[in-house]
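Structure, as structure tokens:
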Amino acid sequence: MSLSLPQPPAAALRAVLSALDSPTAVRAVRTSAMRRRPGQLAPSHPLPVHLLDPATPTECPALTDARRTGWRFLIRDGDEVVAAADTRETPEGHAFAYFAEGPYPLSTLRALQQARLHTATTTTPYLPRLLSVPGHYMTALWLHPLLDPTGGRDLLIPLAPAPLGVTAHIPHDAEELLSLLLSISSAGLGQDLLTAAG
């Protein structure tokens, strides 16, 4: 297997475990599975979360500008993924941020499964990360090549729901996908200007 799973900081894992043990934090989540059996919930599949937020929507985002903001853990109830838990990096260390619901936890698991299949035949190990591009309404699994900076290219697997014009759960060359996001955004901006002028 050419997917090198990251080890989360112990403080990030402790923050999530403390939140799972907190009735107040679990009650704040609407999913019935989390409220039903909080003692049996467990964090899994930790991924570092990186934020890529260009200064303007017309600026092409570059992966080198992405900064790590914390970690996301999928939360399992037995074999079922029911939510995700995010931590954030603070000056004091890692702190629990929130539990996430909706389609992204299951979409993250599916993207990890796809990544394992996609990288199984390569010799380059890839480090999975989550990439959030809020200016373009996209979250993606980011596969960063390790040990082979010349032979491997960064890949992005957009999570569902993906932005308009982008197909979720298809591995894309990162630079090509980021350029596509810019062109989609520019086309939308141009259409907005035409609508406003009319």
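The values are calculated or read from the model by the stated rules, or taken from the named source; none is laboratory data. None of these values were measured; they are calculated from a predicted model. Don't worry about glycine lacking a Cβ; one is built from the backbone with ideal geometry, like all the others, and counts go over all protein chains shown.
What residue, of Ala100, Ala115, Ala66, Ala84, is in contact (Cβ under 8 Å) with a residue 12 or more places away in the chain, closer than 21 Å to Pro163 by Cβ and touching a helix residue (DSSP H, G or I) at 6+ places or on another chain (Cβ under 6 Å)?
Sole residue among the options that is in contact (Cβ under 8 Å) with a residue 12 or more places away in the chain, closer than 21 Å to Pro163 by Cβ and touching a helix residue (DSSP H, G or I) at 6+ places or on another chain (Cβ under 6 Å): Ala84.
Which of the residues spanning the stretch 58-81 are in contact with a Lys or Arg (Cβ under 7 Å, 6 or more places away or on another chain) and farther than 20 Å from His144 by Cβ? Can you show your working first?
Within the stretch 58-81, the first condition is being in contact with a Lys or Arg (Cβ under 7 Å, 6 or more places away or on another chain), and the residues that meet it are 69-70, 77.
Asp77 - this is the single residue of the stretch 58-81 that is in contact with a Lys or Arg (Cβ under 7 Å, 6 or more places away or on another chain) and farther than 20 Å from His144 by Cβ.
For the stretch 76-101, a residue qualifies if it is within 22 Å of Pro23 (Cβ to Cβ), over 14 Å from the mean Cα position of the chain (by Cα) and of a type in the set (Val, Ile, Thr), and the qualifying residues are Val81, Val82. Exactly one residue among Pro46, Pro61 is in contact with a helix residue (DSSP H, G or I) (Cβ under 9 Å, 6 or more places away or on another chain), at pLDDT below 90 and surrounded by 18 or more Cβ atoms within 10 Å (Cβ to Cβ), and that residue is Pro61. The residues of the stretch 94-138 that are over 25 Å from Arg14 (Cα atoms), surrounded by 19 or more Cβ atoms within 10 Å (Cβ to Cβ) and at pLDDT 90 or above, listed by number, are Ala111, Ala115, Tyr126, Val133, Met138.
The lone criterion from (1) in a strand (DSSP E or B); (2) at pLDDT 95 or above; (3) farther than 30 Å from Ser186 by Cβ left unmet by Ala15 is number (1).
Quick one: is Gly151 closer than 16 Å to Ala168 by Cα, modelled with pLDDT under 90 and either touching a Phe, Trp or Tyr at 6+ places or on another chain (Cβ under 9 Å) or small (Gly, Ala, Ser) (or both)? Spell out how you get there, then give the answer.
Working: closer than 16 Å to Ala168 by Cα: no; modelled with pLDDT under 90: yes; either touching a Phe, Trp or Tyr at 6+ places or on another chain (Cβ under 9 Å) or small (Gly, Ala, Ser) (or both): yes.
Taking the combined requirement at face value, the residue does not satisfy it.
Looking only at the stretch 124-170, count how many residues are charged (D, E, K, R), over 17 Å from Ala84 (Cβ atoms) and in contact (Cβ under 8 Å) with a residue 60 or more places away in the chain.
Residues in the stretch 124-170 being charged (D, E, K, R), over 17 Å from Ala84 (Cβ atoms) and in contact (Cβ under 8 Å) with a residue 60 or more places away in the chain: 1 in total.
For the subset of the stretch 18-41 comprising residues that are among the β-branched types (Val, Ile, Thr) and either surrounded by fewer than 18 Cβ atoms within 10 Å (Cβ to Cβ) or part of a loop (DSSP other than H, G, I, E, B) (or both), which member is modelled with the lowest pLDDT? Across the stretch 18-41, the extreme among qualifying residues is Thr31.
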